[in-house]
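Okay, so here's the structure we're looking at.
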Amino acid sequence: MNVHEELTITDFIVVGAYILILVGIGFWVSIRQKNSGDGNLFLAGNSLNWTSIGFTMWGTNVGPSMLIASASIGYTTGVVAGNFAWYAFIFIFLLAVVFAPRYMGARVQTLPEFMGKRFGDTTRGILAWYTIVTILISWLSLTLFAGGILIQQMLGIPMWLSIIVLIIIAAFFTIAGGLKAIAYTNVFQMVLLIVVSLALTITGVFEVGGLDGLLAKTPDHYWNLLLPTDDASYPWHAILLGYPVMGVWFWCTDQSMVQSVLGAKNNKQGQLGSNFTAWLKILDVPLFILPGILCFILYPDLQNPDEAYMTMVTSMFPQGMIGLVMAVLIAALVSTIDSALNALSTVFTMDVYVKKYKPDATGKQVVKIGRVVTVIGAVIAIFITLAINSIKGLNLFDIFQSILGFIAPPMSVVFLFGVLWKRSTTKATNFILLFGTFLSLGVGVFYLWIFPAADYPFWPHFLMLSFYIFVLLSILIVVISLLDKSQHQFKSTLDYGTLPKLSPTAKVLWVSLFVVMIGLYLLFNGH
């Protein structure tokens with residue numbers, strides 16, 4: 001079925017109305033801010049409690065891109081992609097007990113600042129460039145790609161035009177002040193997306209004849225989290241060895257994830273918030289992957305699995321409601337695109353331009369450079385997105401995970417050894433950040449474009465590639481550190497103070513979670 005053929009004029013009216021309401025709220029927020037002189041509307045300070053931390057981390061993780069991608073992989077392979085949600089609890093635990101206490105003890109606001117205290121300003125500078133590349137690829141381009149797919153499905157237009165439409169909508173929001181409204185209504189939109197997914201799941205389960213019908217009509221292997229080693233999609237050893245590389249990078253060293261924990265009222269709230277995030281991750285499978293499995297039962301002949309989510313929306317919901325879902329998805333995508341552009345602009349202006357080239361820059365100059373970087377970033381992201389669109393043989397979820405898998409190894413190595421091994425040196429760390437990034441992204445380019453895995457079967461699974469690169473870089477950081485006999489070694493200025501232990505409540509909750517997760521892995525195997 002063609003999704004755009006199912007849409008009616010009512011749906012497009014609802015989309016338009018929703019966007020206009022958001023812009024209206026944006027003007028209202030702007031006026032209120034001017035009148036109250038309160039420019040600190042969205043800065044949390046150190047005031048977040050455990051519920052805010054949990055919902056913020058989870059919400060940042062399961063944006064609209066993941067809704068569309070998770071339904072797509074659920075359609076083609078079943079619950080195996082649930083590993084990317086359920087295996088994460090180990091790395092969120094690592095954040096709670098190893099990384100977050102050290103970040104908070106060091107009293108830093110950003111992770112480049114933390115590494116600057118550990119290895120010096122050169123490392124901080126390299127990390128700023130690494131962050132810029134990461135934002136451009138993993139945050140901006142992948143969101144544009146998912147958004148482009150959504151606009152493509154809604155309007156039936158080519159990908160390049162979909163991306164331009166999305167950029168125009170994002171620019172319109174920025175100019176009209178609607179982005180303040182999106183930031184203001186982000187929680188409401190996230191709740192709405194979750195309610196929509198829950199409604200899709202419940203309606204879909206009834207449609208296939210209840211839980212009995214669901215189990216009877218789904219292929220048995222769709223319910224296995226661990227698949228055989230010869231499985232083409234996600235063999236168990238690739239997930240066991242490859243996901244941790246991504247898990248450490250994403251949950252323990254990514255600023256957008258760690259930010260919430262750094263904003264905690266105190267360490268106990270940070271520990272409980274991390275734990276709450278890990279419990280919330282259990283919901284990813286029923287809310288985001290199960291709609292894809294239900295779509296497979298109801299519409300087994302879909303030509304493109306990436307249409308699974310919108311196919312369920314257009315077939316399960318009435319006119320108008322479909323428009324509302326589209327509007328919320330677009331607004332959430334625009335919010336992510338703008339956050340990425342904003343982060344890109346901030347990192348470049350503050351960590352590169354002001355710190356290295358023009359320390360005495362005026363406020364006007366900083367704003368001007370910020371705007372120029374935003375435009376250049378958007379243009380570069382369009383080209384990267386079109387390159388991602390040319391990848392053969394992978395669906396949306398696979399593309400997301402493979403690209404993240406090639407970004408992760410250098411950062412995981414540098415932070416693991418920087419935090420856990422006192423002997424690691426500045427020279428070794430900088431070498432891994434420079435050479436490691438070049439190697440990792442280079443292998444990714446060969447795997448995805450030059451000798452695509454779809455045409456050249458000699459490649460191992462992309463998660464195994466990520467693991468091999470991680471092992472190589474780990475060996476290199478140890479060898480270079482041990483051989484580094486520089487006279488002027490940088491002395492770490494980090495002072496963690498007294499590292500806190502897990503509170504009794506947090507211990508009970510973590511043990512309970514470990515028991516539940518083992519139970520889920522036993523339940524979803526052997527079918």
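Express the accessible area of region 421-527 per residue in Å², computed with a 1.4 Å probe while the remaining protein chains stay in the model.
60
Please give the FRET efficiency for Arg371 paired with Val191, using the beta carbon to beta carbon distance and R0 = 41 Å, rounded to the nearest 0.05.
Rounded to the nearest 0.05, the efficiency is 0.80.
List the residues of region 392-432 whose backbone N lies under 12 Å from a point placed 7 Å from the Cα of Leu483 along the Cα-to-Cβ direction.
428
So how exposed is Trp421, as accessible area in Å² (1.4 Å probe, rounded to 10)?
Result for Trp421: roughly 70 Å² accessible.
What's the extension gain from Thr346 to Thr203 if we count 0.36 nm per residue and subtract their Cα-Cα distance?
Result for the pair: 47.1 nm of gain on full extension.
Please state the charge dipole magnitude for the chain, taken about the Cα centre, from unit charges on C-beta atoms (+1 on K and R, -1 on D and E), reported in debye and rounded to the nearest 20.
2520
If packing is taken as the average number of other Cβ atoms within 10 Å across a peptide's residues, how do 224-233, 265-274 rank, most packed first?
By packing density, highest mean first, the sequence is 265-274, 224-233.
Mind giving me the FRET efficiency for Arg423 and Gln109? R0 is 22 Å, r the Cβ-Cβ distance, nearest 0.05 is fine.
The calculated FRET efficiency here is 0.20.
When the accessible area of region 35-166 is split by element with a 1.4 Å probe, what percent falls to carbon and sulfur?
63
Each residue of region 432-445 in turn: what ³J(HN,Hα) in whole Hz from Karplus with 6.51, -1.76, 1.60 and θ = phi - 60°, glycine and Pro shown as x?
Going residue by residue, I get 5, 5, 7, 5, x, 5, 4, 5, 5, 5, x, 4, x, 4 Hz, with x marking Gly and Pro.
Quick check: residue separation of Lys356 and Asn2 times 0.36 nm, minus the Cα distance between them. What number comes out in nm?
Result: 122.3 nm gained on full extension.
Listed here are the pairs Lys268/Lys356; Lys356/Lys422; Lys355/Lys491; Lys265/Lys427; Lys117/Lys501; Lys265/Lys485; which of them are more than 31 Å apart at the Cα?
Flagged as over cut-off: Lys268/Lys356; Lys265/Lys427; Lys265/Lys485.
With a 1.4 Å probe and all protein chains kept in place, how do Leu241, Leu215 rank by accessible area, largest first?
Leu215, Leu241
Any idea how far the Cα center of region 243-311 sits from the one of region 59-107, in Å?
After rounding, the separation between the Cα centres reads 5 Å.
Length gain on complete extension for the stretch Leu434 to Leu211, per 0.36 nm per residue less the alpha carbon to alpha carbon distance?
75.1 nm
Is it possible to state the helix-based mean residue ellipticity at 222 nm for the chain, with each DSSP H run of 4+ residues giving -39500 (n - 2.57), the sum divided by total residues, to the nearest 500 deg cm²/dmol? What is it?
Calculated from helices alone, the mean residue ellipticity at 222 nm is -22000 deg cm²/dmol.
Sequence gap at least 6, Cα distance under 8 Å: using those rules, report the relative contact order of the chain to the nearest whole percent.
32 percent.
What residues qualify as long-range amide H neighbours of Leu227, i.e. H under 5 Å apart, gap of 5 or more or another chain, H built at 1.01 Å from N?
Counting only residues 5 or more places away or on other chains, the set is Trp236.
The values are calculated or read from the model by the stated rules, or taken from the named source; none is laboratory data. None of these values were measured; they are calculated from a predicted model. Glycine also receives a Cβ, built like all others from the backbone with ideal geometry; neighbour counts cover every protein chain displayed. All accessible areas refer to the heavy atoms of the entire protein, side chains included, with ligands and DNA or RNA removed. Shrake-Rupley method; radii C 1.70, N 1.55, O 1.52, S 1.80 Å.
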